[in-house]
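The values are calculated or read from the model by the stated rules, or taken from the named source; none is laboratory data. This structure is a prediction, so every number in the text was calculated from the model and none was measured. Here the Cβ positions follow ideal geometry from the backbone for every residue, glycine too, while neighbour counts run over all protein chains shown.
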Amino acid sequence: MDVQPPASLRSPLRLPHKALMGAGPANAPPRVLHAAAQPLVGHMHPEAFRVMDEIKEGLQYAFQTTNPVTVCLSCAGHGGMEAALSNLLEPGDVAVVPLNGHWGARASDMITRHGARVVPLELPLGQPVTLEAAEEVVSKHRPRLLFLVQAESSTTTLQPLEGFGPMCHKYGTLLVVDAVASLGGYPLWTDRWELDVVYTGSQKVLNAPPGLSPITFSPRAMERVASRRKPCDVYYWDIMQLGDYWGCFGNPRKYHHTGPITLFYALREALAILASEGLTASWRRHEQAALRLRAALERLGAKLFIEDPRHRVHTLTGFTLPRNVDPVAVTRTAMIRHGVELGPGLGPTAGRIMRVGLMGVNAEAWAVDNVISVLEDCVKNPIPNSSL
Ligand code: GLV
């Protein structure tokens, strides 16, 4: 052999249990993890198609839509972003993107790579865009799309969505919504609010493993796809092809790629849990957990990053600790001593804030109390750098 079997692979894999209280992935319930261990079937077998149909129904419920083109992409939420943008945009198109956190910047990068032009809506970090400000830019530029992030996870800002769909449609603009860190944990009404493309990630509130990005396209968005000069420039994201794999157009199923079938099982089960709890109950549970967390953080002397309570996301709370406390030491101590993951900042908030995620099964009073007592301990007795 030129290369020998690696010594690292001689022992079986063993991983610790951790409380995933950062920006995601969140913990998955045993029922979801066990589902992923069910027997493999082929990705074109009738059993796989039944699971995919059940996922589609569960997603239509989660997204609150009757859109026939509601599928699940075999990728992380980033793929959902890229699929939304690459199906709607062609070179020369214009997209309006608020720049108030990490995700607007990421979407702008993708938009530019697809040959479209970004009209940025510059805002202070953590400030959502108002309907009036958006209308001013949309009415002036008549862009192909407006991109909004419901839960800007880097800043923990909530972007209101109501009214933006009808406003966009007045100007022939489509509304694309990133709901990666919010779907299932905060009200979102795809049809009622006239959202055109919405995508999320499997690993946050939905509590499935990472690797799937549910997405829905409105009939208006599909009209746009049908009127493209050329097909979507990335085969893997082409919703016309994917839609046939997912049985969206009434045609016989067509092979597009090999779906990650065991991840489909897990998501199917995660959606079954959401359906049995009910969206309203899930939204309320996330809100109650967030209120409990914020009150406890303030008692600890932390300062919430988003000052206006109306602009705070329930699934993720950003804060700064008192000046004399080193957040890196706190995060490290929480992991080493307690097996608890706390989130650092991301992008423009990296090194500035800490984030605690309360998503899915972790949006419970016991999880809040646990994370607070861990924080208290780590603030009082951090493991010093020198002892590592
Ligand atoms: C990822 O979604 C993050 O906000 O860190």
| message | Of the conditions (1) within 21 Å of the chain's Cα centre (by Cα); (2) assigned to a helix (DSSP H, G or I), Arg31 satisfies every one except a single condition; which number is it? | response | (1)
| said: Which pairs turn up if I take residues in segment 186-209 that are on the phi > 0 side of the Ramachandran plot and look for partners that are assigned to a loop (DSSP other than H, G, I, E, B) with beta carbon separation below 9 Å, at least 6 apart in sequence or on another chain? | reply: Glu194/Ser218; Asn207/Pro25; Asn207/Ala26; Asn207/Asn27; Asn207/Ala28; Asn207/Pro29; Asn207/Gly184; Asn207/Met359
| said: Filter segment 86-95 down to the residues that are surrounded by fewer than 24 Cβ atoms within 10 Å (Cβ to Cβ), outside any loop (DSSP other than H, G, I, E, B) and over 20 Å from the mean Cα position of the chain (by Cα) and list them by number. | reply: Val94
| Can you name the residue in segment 340-373 that is in a helix (DSSP H, G or I), within 21 Å of Pro16 (Cα to Cα) and under 20 Å from the mean Cα position of the chain (by Cα) and, of all such residues, is farthest from the ligand (Cβ to nearest atom)? | Val361
| Test result for Arg312, within 20 Å of Leu158 (Cβ to Cβ), within 16 Å of the ligand (Cβ to nearest atom), under 17 Å from the mean Cα position of the chain (by Cα) and of a type in the set (D, E, K, R) | yes
| request: Considering every residue within segment 343-352, establish whether at least one is among the β-branched types (Val, Ile, Thr) and modelled with pLDDT under 95. | output: yes
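Residue-by-condition table, conditions (1) more than 21 Å from Asp308 (Cβ to Cβ); (2) in contact with a strand residue (DSSP E or B) (Cβ under 8 Å, 6 or more places away or on another chain):
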residue	(1), (2)
Thr130	no, no
Thr156	no, yes
Gly165	yes, yes
Phe217	yes, yes
Arg224	yes, yes
| query | In the list Met52, Met21, Met44, Met1, which residue meets the criterion of being without any contact (Cβ under 8 Å) to a residue 24 or more places away in the chain, of a type in the set (A, V, I, L, M) and more than 22 Å from Val234 (Cα to Cα)? | reply | Met1
| task | Assess whether Val205 counts as being modelled with pLDDT of 95 or more, under 26 Å from Arg113 (Cα atoms) and among the β-branched types (Val, Ile, Thr). | result | no
| task | Check Lys204 against each of (1) surrounded by fewer than 22 Cβ atoms within 10 Å (Cβ to Cβ); (2) of a type in the set (Lys, Arg); (3) within 20 Å of the chain's Cα centre (by Cα) and name the one condition it does not meet. | result | (1)
| request: Filter the strands (runs of 3 or more DSSP E) completely within segment 101-178 down to those with at least 1 residues that are surrounded by fewer than 18 Cβ atoms within 10 Å (Cβ to Cβ) and modelled with pLDDT of 95 or more. | output: 117-122
| request: Restricting attention to segment 284-318, report how many residues are in a helix (DSSP H, G or I) and small (Gly, Ala, Ser). | output: 4
